[in-house]
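The values are calculated or read from the model by the stated rules, or taken from the named source; none is laboratory data. A quick note: this is a predicted structure, and the numbers were derived from the prediction, not measured. Cβ coordinates were reconstructed from backbone atoms using ideal geometry, including for glycine residues, and neighbour counts include every protein chain displayed.
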Amino acid sequence: MKVATRRDSGTRTTAVKGGHALTERRNARLETPTDLEASATRDVAAAMNLVLADVFALYLKTKNFHWHMSGPHFRDYHLLLDEQADQLFAMTDPIAERVRKLGRLTIRSIGEIARLQRIDDNDADYVEPSDMLAELRDDNMSLTERLREAHDVCDEARDVATASLIEVWIDETERRTWFLFESNLRGDSSGH
């Protein structure tokens, strides 16, 4: 039997005689107010959750190759991949928080990442350093393309805030692609 209903901190709480008033609060929707249309926030959130899954997958692959690097350029490649992994990880929180600012839910688990990711894992026991760099270059190029697709969704939705963040991430991803490309060029007989 319900006794009273009131609003506290933006959530509806219903006191129940002889019970706790937590059930409804636990089930409250996580809707952040926005002036964007519901269909726009749904589409942007879906696009950004796909990007987030790809960024997590690329982060882990980059760390995998960082940990398993070998050969005469070990130090340079090891440090390069560590720097790039840090940059990828730094993207994850702003992406997820942007989805939340739109009043939508974001990724909750490794399983959800695995279901959404479009970047292939590499579980090989050994990968040649040049193949590592080439694979990461291609993956970063794919991420750039997917960021542009997400940007188009944001433009359609009039979500300039998310589009603005994406523009920075495109530039960072193109820089990673460039460094991976240049690091993998074969030098002449003098080593240059």
For region 82-104, pairs from a residue that is of a type in the set (Asp, Glu) to a residue that is at pLDDT 95 or above and assigned to a helix (DSSP H, G or I), with Cβ under 6 Å and 6 or more apart or across chains, are ASP82/HIS66
Can you name every residue in region 129-141 that is under 22 Å from ASP93 (Cα atoms) and without any contact (Cβ under 8 Å) to a residue 40 or more places away in the chain? MET141
Of all residues in region 105-119, count the ones that are free of Cβ contacts under 8 Å to residues at least 60 places away in the same chain and closer than 26 Å to PRO33 by Cα. 4
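Residues checked against (1) in a helix (DSSP H, G or I); (2) closer than 21 Å to LEU52 by Cβ; (3) in contact with a helix residue (DSSP H, G or I) (Cβ under 8 Å, 6 or more places away or on another chain); (4) among the aromatic types (Phe, Trp, Tyr):
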site: ASN122; (1), (2), (3), (4): no, yes, yes, no
site: ASP131; (1), (2), (3), (4): yes, no, no, no
site: ASP152; (1), (2), (3), (4): yes, yes, no, no
site: GLU167; (1), (2), (3), (4): yes, yes, yes, no
Failed item in (1) assigned to a helix (DSSP H, G or I); (2) in contact (Cβ under 8 Å) with a residue 24 or more places away in the chain; (3) of a type in the set (Phe, Trp, Tyr), with TYR126 passing the rest: (1)
Residue identified as of a type in the set (Lys, Arg), over 21 Å from LEU79 (Cβ atoms) and out of contact with any Cys (no Cβ under 6 Å at 6 or more places or on another chain) among ARG158, ARG176, ARG186, ARG137: ARG158
Residues located in region 51-78, provided they are surrounded by fewer than 18 Cβ atoms within 10 Å (Cβ to Cβ) and either closer than 15 Å to TRP169 by Cβ or in contact with a strand residue (DSSP E or B) (Cβ under 6 Å, 6 or more places away or on another chain) (or both): none
